[in-house]
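Have a look at the structure below, then the notes.
The values are calculated or read from the model by the stated rules, or taken from the named source; none is laboratory data. Small disclaimer: the values here were computed from a predicted structure and weren't measured. When we count neighbours, we look across all protein chains shown, and the Cβ atoms used for this are built from the backbone with ideal geometry, even at glycine.
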Amino acid sequence: MAKSALLKSSIAKKVAMALSGIFLMLFLAQHFFINMTSVFSSSTFNSISHFMGNNPLVQYVIQPILILGVIFHFIMGIVLELKNRSARPIAYAKNNGAANSSWSSRNMIITGLVIFAFLGVHFYDFWFPEMVYKYVDVNPLNETRYFHELVAKFESPVRTALYCVSFLLLSLHLWHGFNSSMQSVGFNNKYSRSLHKLGYVFAIVVPFGFIFIALFHHFNH
Amino acid sequence: MALDSKIPNGPIADKWTNYKDHINLVNPANKRNLDVIIVGTGLAGGSAAATLAELGYNVKAFCFQDSPRRAHSIAAQGGINAAKNYQGDGDSTFRLFYDTVKGGDYRAREANVHRLAEVSTNIIDQCVAQGVPLAREYGGLLDNRSFGGALVSRTFYARGQTGQQLLLGAYSAMNRQIGRGKIKMYNRHEMLDLVIVNGKARGIIARNLITGEIERHSAHAVVIASGGYGNVFFLSTNAMGSNATAAWKIHKKGAFFANPCYTQIHPTCIPVSGDHQSKLTLMSESLRNDGRIWVPAKLEDAQAIREGKKKPTDLTEAERDYYLERRYPAFGNLVPRDVASRAAKERCDAGYGVNKTGEAVYLDFAAAIQRYGKEQVLIHHLDANDKELIIKLGTEVVSNKYGNLFQMYYKIVDEDPYKTPMMIYPAVHYTMGGTWVDYNLQTTIPGCFSIGESNFSDHGANRLGASALMQGLADGYFVLPYTIGDYLSPDIKMGPISTDTPEFAAAEKNVKDQIERFMNTNGTHSVDYFHRKLGKIMWDKVGMARNEKGLNEAIAEIAALREEFYKDVKIPGVANGFNQELEKATRVADFLELGELFAKDALHRNESCGGHFREEYQTPEGEAQRDDENFAYVAAWEYTGKPSDAVLHKEPLVFDNVKLVQRNYK
Amino acid sequence: MKLTLKIWRQKNAQDKGAMVDYQIDGIEPDMSFLEMLDVFNQDLMSKGGEPVAFDHDCREGICGMCSLYINGEAHGPDRGVTTCQLHMRMFKDGDTITIEPFRAAAFPVIKDLVVNRSAFDRIQHAGGFISVNTSGNTIDANAIPIKKEDADNAFDAAACIGCGACVATCKNSSAMLFVAAKVSQYALLPQGRLEATDRVLNMVAQMDTEGFGNCTNTGACEVECPKGISLENIARMNREYLSASLKG
């Protein structure tokens, strides 16, 4: 079978979707752990942030891959959604989806789009200023600025609320996404039952952890 | 015309081998110049289509369903017999042959049955090679169960869905050939006539059920594998679409119809619940291993139960009549199907029926639950006086054995069979009669073959459990591919057969005329109205017990109903499009003729044998009384214009290898 | 019971079709859903109407011919049953029941509630078989011992009746459960391993050609499947497909 046919196949697409999702979840996990340090120690947070912001491997290899991963996951999600919609040109007059599937599984496109929109806000808040700071204005290195920048952003109640809502939707996205990605890569058998529970724990702990961090800084500073 | 069964000479065990050694073969290069039409894609038709295509013939297969996978073979539950002797319990080809002939009440053709027993083992090998997931033991080898009428365990099974798995096996073999272009599949097509050119079957007229188009299809041979005619009773365990049209059309074109009165009434079906009933559901025969069958001993109790004033569990042991155990102490609840069915009817006719229609008896598992429960208590050293525990453990055992059947019953009847006895009643299940065929499975029309349930050949007057699947696959995989080659060998240089001939035109016109007539009748009643009426006549007068008076009445009533049907049927919609009422009309028109021949055959057979019970011919104890001196023959009917004018031809049955005895289950 | 039926009526494949409201009385709880439609059709015909076309055959839940999307669910609200096994006691007097055909681009409507599911057959033509000719000389059935667990799992997958409820119920009209059932059955058996690579590649390619959507693992198919075919089969097919792709 030609490789081009593989890329067009439905299963290859969903595996690609799953792999990019798994990659993003790994990113999310490390982002979560780094941010969590801000709750306990501003200096730890500053030093890790400084490392991440200035390490050439992170900056020039991992960061572009991450951005590509996000874009890929987003575009693939849209492509699949369009294809799936075209697979049923006439909708049911009455459809009781709740009888057989979870809301989160049926509405990944909605939660996904909200998360994508949130990423725009997030980039506007942190990533663009960071890029300008480092590569446009070429400011001198400052290993202690990160914590203050973080705290400053969560002063606004509107922004904090926006973050909280977005993380709720992220939780829903992960609630289905984690286990869905496992199923897509073929990991569903009698040995994988416990992984299901891990998926639900991940979908709760990480987004609600982020919410906690946002609220923590909002109310404590 | 004298019937020639073409049974090969020689000892019975060598006939088939000798036959295969001496037939004419068609070389592989020539097979691709030969076309074969197969009508029906169940176990027989599907396996034949796949095998003939593998051999190189061009196969055109037809089914009225939307896919070959839906043929009604799929509904067979229990299993398939094969003389593998994997259990080492003394089974052999001869024993399977003997049991089948005896089970058929000595009305089957010995040579055919022996061949069936011979190829039975190949079927299992073939199906396993195809990936059919037959049940296995922990050691990885195939499991067997035992079935009625046999003293050995020779039944292979796939849970309660053996027919489904075997059919999907044949379907997969077909798919391979459809993918290769060797089978051209015509789904949602119904054969409506046979085309005969120069005395040989050369094609069919079929209706495309989606577009309504009438199509001509030619071939060098035509194989009918369209199943049985149980739906002549309207209510049966057959699928709604199961019909006799293909078989009846070839009958009207010259194929003799054999033993139409041999019908199997299965004793354990879920009873009719009301006038709306569209079909009956079978509960596997295996339930009779543990269930006890009874009715109330007193008429007033039966009436109280029917009126809902009493419940079956209210009756004490003394108030119950376990009539099978009473009448047949030796076999008890495990008497053969025909005996069990008649006994249930006898009790209900006498007023002891237990549901609101008065046509149901109880199948009770309370005793089995107690027995298993006590056993479990002993095995696990638990409290033998704890009644609830005994019931709980006993219920678990019964559930493990029959859980899916109990669940099915619960869904349909809405009563919990673990707590209250099941209600059952006999229902039409299988037809042993069918188109007459010779040893080659060829009908009396050269080039027209009939396989599976649609022919008459292997089951005599009564079919044993787990033998239908065996016969269907034997015919399709292992018999027809040889015999049809022998027939086709002179035709190798013939080339494609034109459909542009007067014979095709005449057959097509015939079909179009009939359809036009239906569409223009514009009467007052739907097809179902007539079908239900026919079914009632058949069930009341040509059902489980028949007598001369009733049969004569049935013949007259069916003829009158047929006349009324043609005058008063109403078909809405259009002929040139999807029209399910029109489909039903063409089928019921044929049932209305077949039913009459059925009654005529039952009337002429002045004996009782297997599924045919004449009230005049019974022993003083009420058992079937065979008349081997006068009726050890196949009754093959020739169509001469109307069913009532059908001419009887007799094929004498010669038994060289089994001794004829009266069946006794006391 | 008295009911309001909202039924999709469509004369033929070209017709646009619409939902039509009907009233029906005298329905008994013991009737199956299809018997209710029988009674309804007889009533409709007696009033000069054209009966509603719907697919059905065995009426005991095994042939897979019946379909229907009833009140927003494939085969209606009951679990583990086909429409022919659904009984009217699942509904209440005065209920409104919405009845639609199975909807998918790959299942075009033929008439009213009847759809064309030939796409399923074509997927099977692409690889739903083991290439073994009929000969009577294949090896003895017991020459290939198969672990009971594998045989049972293969059976569970093989229990698929090809009704299309999985496609109908899937928000993406994906046929993954159907295809996975056949791929799994053969993948679990030694007889099927020889052709496993080609089989999964060809069947998936055909599935994609037919215009089914992509699986997003909502799990609705498993819930609505009348035979309880497990999602594990889809995971197995994904594995089979990936390893086949790497090999191929």
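Go through the stretch A:85-107 and give me each residue that's touching a residue at least 40 places away in the same chain (Cβ under 8 Å) and either farther than 24 Å from C:GLU210 by Cβ or assigned to a loop (DSSP other than H, G, I, E, B) (or both). Please lay out each step first, then the result.
Here is the first cut: in the stretch A:85-107, the ones touching a residue at least 40 places away in the same chain (Cβ under 8 Å) are A:102-105, A:107.
A:SER102, A:TRP103, A:SER104, A:ASN107, listed by residue number.
Out of the stretch B:47-100, which residues are buried (at least 23 other Cβ atoms within 10 Å of the Cβ), closer than 17 Å to B:LEU142 by Cα and within 11 Å of another protein chain (Cβ to nearest Cβ)? Within the stretch B:47-100, B:ALA82 is the sole residue that qualifies. Being within 14 Å of chain C (Cβ to nearest Cβ), among the basic types (Lys, Arg) and in contact with a strand residue (DSSP E or B) (Cβ under 6 Å, 6 or more places away or on another chain) holds for only one residue in A:LYS94, A:LYS83, and it is A:LYS94. If the condition is being free of Cβ contacts under 8 Å to residues at least 60 places away in the same chain and either more than 7 Å from chain B (Cβ to nearest Cβ) or more than 16 Å from B:GLU54 (Cα to Cα) (or both), then the stretch C:125-146 contributes C:SER135, C:ASN137, C:ILE139, C:ASP140, C:ALA141, C:ASN142, C:ALA143, C:ILE144, C:PRO145, C:ILE146.
With more than 9 Å from chain B (Cβ to nearest Cβ), assigned to a helix (DSSP H, G or I) and surrounded by fewer than 24 Cβ atoms within 10 Å (Cβ to Cβ) as the only criterion, which of C:ASP121, C:ASP93, C:ASP43 stands out? Talk me through it step by step, then tell me what you get.
On the way: C:ASP121 fails: more than 9 Å from chain B (Cβ to nearest Cβ); C:ASP93 fails: assigned to a helix (DSSP H, G or I).
None of the other options fit; the residue is C:ASP43.
The condition (being β-branched (Val, Ile, Thr), over 23 Å from B:TYR57 (Cβ atoms) and within 11 Å of another protein chain (Cβ to nearest Cβ)) is satisfied by just one residue among B:THR121, B:THR155: B:THR121. Among residues of the stretch C:55-75 being within 14 Å of chain A (Cβ to nearest Cβ), in a loop (DSSP other than H, G, I, E, B) and surrounded by fewer than 24 Cβ atoms within 10 Å (Cβ to Cβ), the one that is farthest from the chain's Cα centre (by Cα) is C:ASN71.
Among the residues of the stretch B:517-574, write down those that are within 21 Å of B:THR586 (Cα to Cα), of a type in the set (Gly, Ala, Ser) and either at pLDDT below 95 or under 29 Å from the mean Cα position of the chain (by Cα) (or both). Reasoning before the result, please.
We begin by selecting, within the stretch B:517-574, every residue within 21 Å of B:THR586 (Cα to Cα); these are B:517-538, B:555, B:557-574.
This time we only want the ones that are of a type in the set (Gly, Ala, Ser), so: B:523, B:526, B:535, B:559-560, B:573.
B:SER526, B:GLY535, B:ALA559, B:ALA560 - these are the residues of the stretch B:517-574 that are within 21 Å of B:THR586 (Cα to Cα), of a type in the set (Gly, Ala, Ser) and either at pLDDT below 95 or under 29 Å from the mean Cα position of the chain (by Cα) (or both).
Within the stretch B:224-242, residues that are free of Cβ contacts under 8 Å to residues at least 40 places away in the same chain sit with their Cβ atoms under 8 Å from residues that are assigned to a loop (DSSP other than H, G, I, E, B) and small (Gly, Ala, Ser), at 6+ positions apart or across chains, in these pairs: B:MET240/B:SER278.
Here B:MET538 passes the criteria (1) hydrophobic (A, V, I, L, M, F, W, C); (2) touching a Phe, Trp or Tyr at 6+ places or on another chain (Cβ under 6 Å); (3) within 14 Å of chain C (Cβ to nearest Cβ) except the one numbered (3). All of (1) farther than 20 Å from C:MET176 by Cα; (2) under 15 Å from the mean Cα position of the chain (by Cα) hold for C:PHE102 with one exception: (1).
Give the residues of the stretch B:556-590 that are aliphatic (A, V, I, L, M) and either more than 19 Å from C:GLY48 (Cβ to Cβ) or free of Cβ contacts under 8 Å to residues at least 40 places away in the same chain (or both), sorted by residue number.
First pass over the stretch B:556-590, keeping only residues aliphatic (A, V, I, L, M): B:556, B:558-561, B:569, B:571, B:574-575, B:582, B:585, B:588-589.
Hits for the stretch B:556-590 are B:ALA556, B:ILE558, B:ALA559, B:ALA560, B:LEU561, B:VAL588, B:ALA589.
Scanning the stretch C:203-232 for residues that are within 9 Å of chain A (Cβ to nearest Cβ) and in a helix (DSSP H, G or I) returns C:VAL204, C:ALA205, C:MET207, C:ASP208, C:ALA220, C:CYS221, C:GLU222, C:VAL223, C:GLU224, C:GLU232.
Considering only the stretch B:13-88, give the helices (runs of 4 or more DSSP H) lying wholly within it that have at least 3 residues that are charged (D, E, K, R). Full working, then the answer.
Numbers: elements: B:15-22, B:28-31, B:43-55.
By residue number, B:15-22.
Within the stretch B:113-146, the only residue that satisfies the criterion of being assigned to a loop (DSSP other than H, G, I, E, B), in contact with a Lys or Arg (Cβ under 8 Å, 6 or more places away or on another chain) and buried (at least 24 other Cβ atoms within 10 Å of the Cβ) is B:ASN144.
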